[in-house]
Every structure is written in C-alpha cells, then in structure tokens.
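The block underneath contains the structure these notes are about, expressed in structure tokens.
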Amino acid sequence: MSTSSLRSFEYLEGLPGTTFNRLYKQPSTALAIFRRMLPHLAKSFVMALLYISRPMPVTDLEAWVRPDGRLERDNAIDLLERLHILTATTKPGKPRAYTLTNPFAASLRLALTGGGTHKSFGVPSNISDDDHITIPELDEFARRQWEGVLGYMVGSTGIDLANNGVELSPGVQHLLKQGGLVETRGRRVEITQDGFAFILQEVNAQVWTMLILYLQNAEALNMDEVDVLSFLFTLGSLELGLPYSKANLTPTQSQMLLDLGDFGIIHQTTPTSSHFHPTRLATTLTSDSNGLRSSSLASSSDTTKGGFIVIETNYRIYAYTSSTLQIAILQLFTRLITRYPNMVAGKITRESIRRAVSMGITSDQIISYLTTHAHPQMLKKQPILPATVVDQIRLWQLEGDRMKATPGYLFKDFNTQGDFEGLCRYAEEIGVLVWKSEGQRKFFVTRHEQVAAYLRNQARRG
Amino acid sequence: MPRASKGVLVECDPSIKAIILKIDQDNHDYIVEDLDDQTLVIKETQLARLKVRLSEELANTQQMPEESGSD
C-alpha cells in the first residue's frame, strides 16, 4: 500500500463516528474508501457481507481464513472497525456477530449496481467544442500549478524560480505555513524538515498531504469537513478530460473549486464558468494508477527518456535538466558547481549530505531520489548507483545521527512471566514490537490500540 | 495489571547514552525510563531538544576532518 493512502488513513481514523456516518451517505465516498483504502482481505469480507441482511457470527467469518492467516485477518477486521465499516454486535443468547454498518453498505450497493439520484459521481456538462480542453492541456496546467507550489517551497535554497510564471495565492501560502511545510522569517520563505520530506515524496502522496492540510484547515474557513471530504472522493471518481457541471455543488464545494484550482487539481476557465475539468491530479486521487509522477518531478523534456541524473564513483553528479525546480531539489543535497544551458554539474560532499540530514532529509530518501531519476545510461548498470556512493551517503548520515528514536508506548509492570510472554508474543505477531526485555518484563511497541484490545479480551476471558 | 506509558524509544551506542545521561542529570526532565546500556525511553516532547543538546555536546568533544577543497 502506498504512503499516500496511509496518510489519509491516519487522518480518517481520527474522525468521530458521526462524521463517518455522514460521509458514507455518498456512494462515491463508500466506493473510494472500498477501492483505495482496504487491503484485499478486508475487501473480501465487505463483499461477502454486503448482501447478507443478518449479522454473521464471528466464528463463521473467522473460519474463512486459514489459521496461518490470523495476523492478516486481525488486521483487516481491526481496520474495518476503525473505519466504522464493520461493527460487532452482541445480543443476549446469540454469539458475537459482525454486520456492515449503514449507510456504508447501502451506499456501496448503490455505487456498485447503480441507481438513485445521488449525483455523487459528478454531473457531466454539455459544452460547446471551443470551450473544450484537451488532456495534454490539462496535464500541462496541473504540472505548472503543482510545480509552482513545490517551487515556492524550495525557492529558499537560493535559486530564482520566479520565471515559471505561477503566482501562489495567499490561501495556498497560508496553508503551507499552517501545515509546517514552510516557515516565513521576515519576508523570506524557509522550508522545514517536513517540507523536505514532502518534496521528495511521489506526487500522489504530496497531493494527499496537501489535501489533508486543507481539510484540517477547512473549519477555520467556515467550511464543512464532511462536505469537503466527500467532494474530494467525488473528484477521485471523475473522468479525465470531461467537463463537469457546477450546478449541483454546495456553496462549500464551489468555494473549494477555487482553492483546488490553485493546486492544479481542477481547471476552470474563469471562476464564474458553469463547468470545471478535473486534472490528472484529481482523477488519480483514489486509484492506484500513476498520477503525474514522472512528469511533475521532471521537466517536460525529460519525461520521454526517463531519468536525467548521472553519478560517478568519485561523487561527481551530472544532471541533464534545465528545470529550475529540479535544480533546486538537487541543490538540497549536492554542491552544485557549474550550470550549463541543459545541464548542471556538482558533487555530493560530506558537507552537503550533512546539511541535508540536518534539515530532515534521510539518506534513504536521497538514494531513492537518485535511483528513480537515474539516467538511462546508469540504468544499464547493476546496481544502478555506484555502491561506494550509496554506502558513503549512509555513513555520512549515521555520523550525524547517533541515536535511533522510535515514538510509541512502553508496557511494564506485568504480574507474571506468562502474562508478559503472551502479550509480548502477540505484539510481535502483529508487527508493532520494537524492543523487549525478558528479565525486566518490559517491552516497547509503536502502536498500543491492538495490544490494549488484546489485553482487555484476555481479561474478559479470565 | 500491566501499565503502558507514552514515550520515545532511543537506541544508541553506550557512549552516546552516557552523554544523554549526563544531559539529563541537571534537571531530570528527559528520561522516562532507563532500560539498558543501549536503550532508554525519553519524553516525546523533549526529543528535538535532546537532539540539539546532543549535537552540541558532540561538537565540543569531536574533531571533524577538514573538507578537501579540491574540485
């Protein structure tokens, strides 16, 4: 599963149950969650339960999964419960049983089989041909806007990006600041640690991060969170290149169109026009297909050939690009020496890597960036990057990063060794255990919800 | 009944841990639990400050090799 959907998960899980209730009233939301956010096993559970009107006993459901798949089963059920899709009901005299919640089930049925007048998948608009915008034009628009956002963020590294012609709206600037991706010192904009991590992510993850910031900010702008979120899921189900009518949108959603235009997620000719076009950034929101991935991070001339970076064993780096955004990103972790019309040359140095690490970029991010953008000539070799360079980048990071920090929870004060071992083994099985000590009867986990639930179940069974 | 407490697990060399202990000595406001000679749990809110203090301490005690200026 990609990082982007993980990000959106974390946000969704934090929402109260009533919000979910309202969200799931939209078939497009139910379908988007089902399609994008659930692992296959969870999907199978949902599909199996979808047309069963009576609750399904827990033991029956568990019987579908082979004993060695217990871990996956627990994860799937746990996730479905956290997303308020599945609930366990207990009635006196009957075994514990699972049902799908309504309106999720009703909406998903509607989404799968059609029908209803919910209009949650957008209403295509009939417009004359001269208003029509082609897919390449939309891609170009989306790329320009999105690179404008990224360019604004890395602009502080000293390269002038003013010539790409995108003026960021005050709203977007405020959002970036609010989200802690940039800081303003006086009139200068400075990128933060989170901002760097953001820049090196793939585009779909970036879009989600940005939209979640937008959501968190929505209430301050007097916008209804549910309205915003369900509109985003609607956008994800639209078709690229088609115009959609604005007639049935709520006031919140019309306001959103303006803001999303700033990011290049949707395109409208003028703010008052009767229709809008979703761009590739929007239509790939809830699908697994690649969005503007290569095109956004590489300037248009580079996309056909793949990568553009050549790196030699002597740490010298040559980047065949004229995109100022690319150069600014490279500048984050290399010392650039010369710039030619179509190429920049520089060197990876201990100093440049240390500077990047101190700003929050990890060596793995740098290595993966270099790998994904490696020049075709480099791709012929195996391994792609010179091993010495990769090792050295890692070593340089270690030098500055003397301790490994993992946030989480420490469990201690177990009464018996048996209690300790049981819980500890469970934590290990579900993959949250980081550290344990038999002698001290203590262990450390990254997440405590499932472990605590297990503990409560244990206590109940006595 | 076991108890759970929130924090950040820090894994490092014994030498680094010694420095962390030294930093904590003044006010005892970093460490939640001292686990063993390479592991300890610290307060989540203090992680950033601890990192700063640690790099200060290291800068005082370590000599960094000079970067060669030839290109």
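Counting heavy atoms of the protein chains alone, B:Asp37 has an accessible area of about 100 Å² for a 1.4 Å probe. In terms of its alpha-carbon gyration tensor, the protein assembly as shown comes out oblate; a/c meets the 1.5 threshold, while b/c is at least as large as a/b. Rounded to the nearest whole angstrom, the semi-axes of the ellipsoid equivalent to the stretch A:312-369, taken from the Cα gyration tensor as √(5λ), stand at 19, 12, 10, largest first.
Note on A:Glu81: accessible area approximately 70 square angstrom, rounded to 10, probe 1.4 Å, nucleic acids and ligands left out. The reciprocal of the average 1/r between distinct C-alpha atoms defines the Kirkwood hydrodynamic radius, which for the stretch A:48-94 equals 11.8 Å. For the stretch A:302-398, the share of alpha carbon pairs falling in successive 5 Å distance bins from zero is 3, 14, 27, 27, 20, 9, 2, 0 percent. Computed over the stretch A:164-239, the P(r) curve from all C-alpha pair distances, binned at 10 Å from the origin, holds 16, 43, 34, 6, 0 percent per bin. Rg and Dmax of the stretch B:7-55, based on Cα coordinates, read 9.4, 23 Å.
For the stretch A:3-113, the Kirkwood radius over C-alpha pairs fed into Stokes-Einstein at 10 °C and 1.306 mPa s yields D = 110 µm² per second. The magnitude of the dipole of chain A, with charges of +1 and -1 set on the Cβ of Lys/Arg and Asp/Glu and taken from the Cα centre, is near 1100 debye. Helix-only arithmetic for the protein assembly as shown: the sum of -39500 (n - 2.57) across DSSP H runs with n ≥ 4, divided by the residue total, places the mean residue ellipticity at 222 nm at -14000 deg cm²/dmol. The mean of 1/r over all pairs of different alpha-carbon atoms in the stretch A:409-461, once inverted, gives a Kirkwood hydrodynamic radius of 10.9 Å.
Interface B-A: total buried accessible area of about 2800 Å², 1.4 Å probe, protein heavy atoms only.
In the assembled protein chains, A:Arg82 presents an accessible area of approximately 70 Å² (probe radius 1.4 Å).
Do you know which residues of the stretch B:1-25 lose at least 20 square angstrom of accessible area in the protein assembly compared with their chain on its own, with a 1.4 angstrom probe? Buried by the other chains: B:Met1, B:Pro2, B:Arg3, B:Ala4, B:Ser5, B:Lys6, B:Gly7, B:Val8, B:Leu9, B:Val10, B:Glu11, B:Ile16. Return the carbon/sulfur percentage of the accessible area of chain B, one whole number, probe 1.4 Å, all protein chains in place. Here carbon and sulfur together make up 49 percent of the probe-accessible area.
Excluding ligands, DNA and RNA, the accessible surface per residue across the protein assembly as shown is 49 Å² with a 1.4 Å probe. Each 10 Å bin from zero up to the one holding the largest Cα-Cα distance in the stretch A:355-462 carries the following percent of pairs: 12, 29, 18, 20, 15, 5, 0.
The values are calculated or read from the model by the stated rules, or taken from the named source; none is laboratory data. Please read all numbers here as calculations on a predicted model, not as lab measurements. Heads up, the Cβs are rebuilt from the backbone with ideal geometry, glycines too, and the neighbour counts pull from every protein chain shown. Note: areas computed on protein heavy atoms with side chains; ligands, DNA, RNA excluded. Shrake-Rupley method; radii C 1.70, N 1.55, O 1.52, S 1.80 Å.
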